[in-house]
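The values are calculated or read from the model by the stated rules, or taken from the named source; none is laboratory data. None of these values were measured; they are calculated from a predicted model. Here the Cβ positions follow ideal geometry from the backbone for every residue, glycine too, while neighbour counts run over all protein chains shown. For accessibility, only protein heavy atoms count, side chains too; no ligands or nucleic acids. Shrake-Rupley method; radii C 1.70, N 1.55, O 1.52, S 1.80 Å.
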Amino acid sequence: CVFATWIIVYFCIWKGVKSTGKVVYFTALFPYLVLIILLAHGVSLPGALNGIIYYLKPDWSKLGEAQVWIDAGTQIFFSYAIGLGALTALGSYNRFHNNCYRDAYLLALINSTTSFFSGFVVFSVLGFMASEQGMDISKVAESGPGLAFIAYPKAVTLMPIAPLWAALFFFMLLVLGLDSQFVGVEGFITGIMDLFPTYVSGGLRREVVVAVCCLICFVIDLCMVTDGGMYIFQLFDYYSASGITLLWQAFWECIVVAWVYGADRFIDDIARMIGYRPLAWIKWCWLFITPCVCVGIFLFHVVNYKPLTYNKTYIYPWWGETIGWILATASMVCVPLTVIIKMLQAEGSLQQRWQHLTTPVWGSHHLQYMTMEASSKFLPTESQTQGHKEKETAI
């Protein structure tokens, strides 16, 4: 099944975003149909109302737990693909005057609304399961992968015509997983192709890069379909793909865009594309609010750190957590390590190196959209032109 899944991913993205876009029409819309069907059936089950009330009734004491904030931040960051590079990579294929500002609002609205709606689907069925087993719903509901792969499937088996609902549910999970993989792998492939433009111009085919990437991912996935695969999956999910890793990446993205490149300059770039300036609130989010939120949740998690558990019963051993922190550090160290390497490779004094590395170098495909006054300020020097000649040729 894993091999078949990666074969599907490969043939859906090997030709680029044009082929991916056609597939996404189905993979993005079909889960909504399944969610509506599951909700219509779920609310008709006994005990569903108790599950929905449990979902909507807040427990304010949970706000004092670091893990709640980490999970909330992870949900937003991961579902929006923030810090993963996918939005940046896919956005690079848009036309210059595409209204990215409007798209950002639509993405946030649709994504959050979908998450809220999905909560009714899940907890209506969990309420039925708690009613059937005579248990409190807090004992039934789980977080993390246990909810999708243990708690909800158990509830589905208690329904009338269980095979039908189980087939719909797991097919929906498959489609959602494929949809996420399309975006994640496409973002990674785009980054690889842009990172090595000389190899691309030298004849390196995209199909080969995609094949190698899918093969490596398939080999890594094999360890997750063993008897202890779920424990390995949660280790990857908790440390390397979410939580503090995404918070760390998002913090540095804000710092680079707002403080190194310049928030005002970035606002000007957006205005040049969409024809008007975004709200000042966006600028203050880049400068202060988002970095402070990321740092606050990050420190909150470090101070209140608790060992990783699975299914509320299994506590990971020290060596398992060590592997997890190695996975997390492997991603987090890339940002400061790249800065240090680039600074060491540059020439001149420390200030000159920093100035050289943080000065944008514009290509002709950028300058054609700028006014004559602005363009003259950003024309590359002769030395910069030589350094970026190959990259511009590839683009």
Residues in the range 54-71 that are open to solvent by 70 Å² or more (accessible area, probe 1.4 Å), touching a helix residue (DSSP H, G or I) at 6+ places or on another chain (Cβ under 8 Å) and modelled with pLDDT of 85 or more total 1
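Out of curiosity, is residue 315 under 30 Å from residue 154 (Cα atoms) and either in contact with a Lys or Arg (Cβ under 6 Å, 6 or more places away or on another chain) or of a type in the set (A, V, I, L, M) (or both)? Don't jump to the end; show me each part of the working.
Details: under 30 Å from residue 154 (Cα atoms): yes; either in contact with a Lys or Arg (Cβ under 6 Å, 6 or more places away or on another chain) or of a type in the set (A, V, I, L, M) (or both): yes.
Against the criterion (under 30 Å from residue 154 (Cα atoms) and either in contact with a Lys or Arg (Cβ under 6 Å, 6 or more places away or on another chain) or of a type in the set (A, V, I, L, M) (or both)), residue 315 qualifies.
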Within the range 20-51, of all residues that are of a type in the set (S, T, N, Q) and open to solvent by 30 Å² or more (accessible area, probe 1.4 Å), the one modelled with the highest pLDDT is 50
Filter the range 277-306 down to residues that are charged (D, E, K, R) and farther than 20 Å from residue 72 by Cβ and give me whichever is surrounded by the fewest Cβ atoms within 10 Å (Cβ to Cβ).
277
Which numbered condition trips up residue 93, out of (1) more than 16 Å from the chain's Cα centre (by Cα); (2) in a helix (DSSP H, G or I)?
(2)
Here are some residues: 118, 112, 124. Which one is among the polar types (S, T, N, Q) and either more than 22 Å from residue 169 (Cβ to Cβ) or without any contact (Cβ under 8 Å) to a residue 12 or more places away in the chain (or both)?
112
Among the listed residues 144, 119, which satisfies the condition of being at pLDDT 85 or above, touching a Phe, Trp or Tyr at 6+ places or on another chain (Cβ under 8 Å) and within 28 Å of residue 313 (Cα to Cα)?
119
If a residue counts only when it is farther than 30 Å from residue 302 by Cα and open to solvent by less than 50 Å² (accessible area, probe 1.4 Å), which helices (runs of 4 or more DSSP H) contained entirely in the range 172-276 have at least 3 such residues?
206-222, 263-274
